[in-house]
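A.B. asks: Following this message is one structure expressed as structure tokens.
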Amino acid sequence: MSETPQIAGAPASGEVRLPPGRHGLPRTYVAENQRERLLNGVVEAVAEHGYEATTIARIVAAAKISRRTFYEHFEGKEDSFLAAYEMIDAHVRESMLAAPGASEPWPDRVRARLDALLDVLARDPAVARCYLVEPPAAGGEVAARYRDAMQLLAETLRPEPDPPDRNVEVRDQALIGGVATLIVRRLNAGAADRLRELLPDLTELVLAPYLGRKEAQRLAHPEP
Amino acid sequence: MQYLSQRLASKPAREREGAPPAGTLAAQQRERLLDAAEDLIGERGCAGTSIEAIVKVAHVSSVTFYEHFADKEACFVAAFDRAVVETGVELREPGEEGGEADWPGRVRTALAALVATVAARPARARLCLVEAPGGGPALRVRYEATLDVAAAALRQGRLLDSAPRGLPDTVEEAAAGGIAWLLRQQLELDRANEVGELLPELTEIALGPYLDEAEPGARARADDV
């Protein structure tokens, strides 16, 4: 337990008083810990079996936590997946927004953010599958949540201030559709480790509609 | 594991030997099964569509189902293939009248036909654009192969005089993906009947990479073809 996550309400390890129960950990911490393990189980199970074939039995088996405990935290599969999706989505966007070069001109920012996106996804293909591959077919709330996430993702790549374009939202969707398609196909082909090779192409794809092809090509392939 | 109806199916699933000869009862049954699958998937997705529901809507027995298809996914794949073939026929015809010089016009005509199909057959479009990309492995492979066919067709744009040099290899894959994405979104938001309004944008996505864009605003020309 050397990497115990820092949970709000849990005292720092040096200050732990005598164990209140046989776990030796405050109840809120135990609950958070279980929840996190269950969410990890959700990601493992969905990445391995696909959303549709994922059952609570598979989630709790992956998390090594009882079914009863699962239902203390979540109403069911969709609820638990949405919770996992929320965390993944927040993490992806934070990584993009925190990318080096965030204060640079827009084209450099686009490149840095796409780089961060590809990095996050390449590092953990199971997370990448849960983020981009499984949700569209899941339908219902999950698919709706995914659409919102993709819209926000598109907005992190949009020039500021918004271009005076009659349908910038359609263009957003076309671009994110292109970006997502290229990424998803490589994930489906088991080539997550090669995702980062897409960086120049994706950068050019996003910049070209606004800057023209030549300029986009130049910026997508910066001098080393 | 085997179901009783599978065991009772007297012949092996026909889809392994190809579709039955047109006009026969078997061919009619197969069409009815595919129609039913398409409608049900459009309504409740692949996951919510059972063989039981398909045979009920198609008015055939589950034994007949297993005479045609090895399982549910085989039926979905056959429905997908049929939809692509029938849409593809509409897409190819205008090209034969056009000729190389009018390539942008042909692309626009093909996209108009695609959009018209989506508007006229939303259930079919849902199967191909919403369900297939995330369906079972076989459907996903079919979907990606179809994207590749579309991308290969768009790739002819590189032969245009206005096409810039050094376009990335993935340009057409991204364009096909972007077009499919926009159509899928309209379907998910139940706006299949408004999909025609997107035609200028879809045309821009398809043709944009090949038009010279030396000056800003050049993209508007994509609307004029």
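A.B. asks: Being small (Gly, Ala, Ser), at negative phi and more than 11 Å from the chain's Cα centre (by Cα) is the filter; apply it to segment A:81-115 and report the residue that is surrounded by the fewest Cβ atoms within 10 Å (Cβ to Cβ).
C.D. replies: First, pick out the residues of segment A:81-115 that are small (Gly, Ala, Ser): A:83-84, A:90, A:95, A:98-99, A:101-103, A:112.
Subsequent filtering for residues that are at negative phi retains A:83-84, A:90, A:95, A:98-99, A:102-103, A:112.
Now drop any that are not more than 11 Å from the chain's Cα centre (by Cα), which leaves A:83, A:98-99, A:102-103, A:112.
Numbers: A:ALA83: 15, A:ALA98: 11, A:ALA99: 21, A:ALA102: 13, A:SER103: 7, A:ALA112: 18.
Once the filter is applied, the top-ranked residue is A:SER103.
A.B. asks: Those residues that are under 16 Å from A:CYS130 (Cα atoms), surrounded by fewer than 18 Cβ atoms within 10 Å (Cβ to Cβ) and away from every other protein chain (no Cβ under 14 Å), I need them from segment A:57-80; list them, please.
C.D. replies: The one that is under 16 Å from A:CYS130 (Cα atoms), surrounded by fewer than 18 Cβ atoms within 10 Å (Cβ to Cβ) and away from every other protein chain (no Cβ under 14 Å): A:ASP79.
A.B. asks: Now for a separate question. Take A:PRO209 and decide whether it is surrounded by fewer than 20 Cβ atoms within 10 Å (Cβ to Cβ) and either at pLDDT 95 or above or over 19 Å from the mean Cα position of the chain (by Cα) (or both).
C.D. replies: Values: surrounded by fewer than 20 Cβ atoms within 10 Å (Cβ to Cβ): no; either at pLDDT 95 or above or over 19 Å from the mean Cα position of the chain (by Cα) (or both): yes.
No, not satisfied.
A.B. asks: Does B:ALA138 qualify as being buried (at least 21 other Cβ atoms within 10 Å of the Cβ) and touching a residue at least 24 places away in the same chain (Cβ under 8 Å)? Give the steps one after another, and end with the answer.
C.D. replies: Numbers: buried (at least 21 other Cβ atoms within 10 Å of the Cβ): no; touching a residue at least 24 places away in the same chain (Cβ under 8 Å): yes.
So B:ALA138 does not fit the description; no.
A.B. asks: Of all residues in segment A:127-186, count the ones that are part of a loop (DSSP other than H, G, I, E, B) and over 24 Å from A:ALA53 (Cβ atoms). Write out each step before concluding.
C.D. replies: Of segment A:127-186, the ones part of a loop (DSSP other than H, G, I, E, B) are A:134, A:139, A:156-167.
In the following step, the residues that additionally are over 24 Å from A:ALA53 (Cβ atoms) were identified as A:156-167.
Total meeting the criteria: 12.
A.B. asks: Continuing with this model, one more query. Within segment B:68-124, take every residue that is modelled with pLDDT of 90 or more and outside any helix (DSSP H, G or I) and give me the one that is nearest to B:GLU43 (Cα to Cα).
C.D. replies: B:ARG121
A.B. asks: Out of all the residues in segment A:189-224, which are small (Gly, Ala, Ser) and either facing chain B (nearest Cβ under 7 Å) or at negative phi (or both)? Break it down stepwise before answering.
C.D. replies: In the first step, residues of segment A:189-224 are kept if they are small (Gly, Ala, Ser); the result is A:189-192, A:208, A:212, A:216, A:220.
Hits for segment A:189-224 are A:ALA189, A:ALA191, A:ALA192, A:ALA208, A:GLY212, A:ALA216, A:ALA220.
A.B. asks: Is it the case that some residue within segment B:137-144 is closer than 18 Å to A:VAL179 by Cβ, within 10 Å of chain A (Cβ to nearest Cβ) and not hydroxyl-bearing (Ser, Thr, Tyr)?
C.D. replies: Yes, that holds for at least one residue.
A.B. asks: List the pairs whose first member sits in segment A:167-188 and is facing chain B (nearest Cβ under 8 Å) and crowded, with 20+ Cβ neighbours inside 10 Å, whose second member is part of a helix (DSSP H, G or I) and of a type in the set (Phe, Trp, Tyr), and whose Cβ atoms are under 9 Å apart, counting only residues at least 6 apart or on separate chains?
C.D. replies: A:ARG171/A:TYR210; A:GLN173/B:TRP181; A:ALA174/B:TRP181; A:ILE176/B:TRP181; A:GLY177/B:TRP181; A:GLY178/B:TRP181; A:ALA180/B:TRP181; A:THR181/B:TRP181
A.B. asks: Picking from B:LEU160, B:LEU198, B:LEU147, B:LEU167, which residue would you name as being surrounded by 22 or more Cβ atoms within 10 Å (Cβ to Cβ), touching a helix residue (DSSP H, G or I) at 6+ places or on another chain (Cβ under 8 Å) and not assigned by TED's automatic domain parsing to the domain that holds B:LEU40? Write out each step before concluding.
C.D. replies: Details: B:LEU160 fails: surrounded by 22 or more Cβ atoms within 10 Å (Cβ to Cβ); B:LEU147 fails: surrounded by 22 or more Cβ atoms within 10 Å (Cβ to Cβ); B:LEU167 fails: surrounded by 22 or more Cβ atoms within 10 Å (Cβ to Cβ).
The match here is B:LEU198.
The values are calculated or read from the model by the stated rules, or taken from the named source; none is laboratory data. What you see is a predicted model, and the numbers here were worked out from it, not measured in a lab. We place every Cβ from the backbone using ideal geometry, glycine too, and count neighbours over all the protein chains shown.
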